[in-house]
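Okay, so here's the structure we're looking at.
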Amino acid sequence: ALMDWLHELVFLSDAGRVALLGAGFIVLALVAMVAERARGRRARIDRVGCMPWMTIFLIGAVFGMGLLATAIPALLKG
């Protein structure tokens, strides 16, 4: 089962690789969104932190959606 999955991943089409990269950016955006919400609900308001979670979220969401929008038509064609 693992070897079949690995074989599919190695011989993935270009559109599949772009879609996988887009999904990775979407996951990054979701992690950044959760971190931003946690930062907004912190107990001590003076402990801000140094990660720009909103910027990371926006970049991840824009890149992810752009890559997925590029890859999905090619994946649907076959």
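Could you please find all residues in the stretch 49-78 being in a loop (DSSP other than H, G, I, E, B) and open to solvent by less than 70 Å² (accessible area, probe 1.4 Å)? Result: G49, P52. Against the criterion of being loosely packed, with under 12 Cβ neighbours inside 10 Å and assigned to a helix (DSSP H, G or I), A38 qualifies. Residues in the stretch 1-35 that are open to solvent by less than 60 Å² (accessible area, probe 1.4 Å) and more than 22 Å from L76 (Cβ to Cβ): 3 in all.
The values are calculated or read from the model by the stated rules, or taken from the named source; none is laboratory data. Small disclaimer: the values here were computed from a predicted structure and weren't measured. Glycine also receives a Cβ, built like all others from the backbone with ideal geometry; neighbour counts cover every protein chain displayed. These area figures cover heavy atoms from the full protein model, side chains too; ligands, DNA and RNA do not enter into them. Shrake-Rupley method; radii C 1.70, N 1.55, O 1.52, S 1.80 Å.
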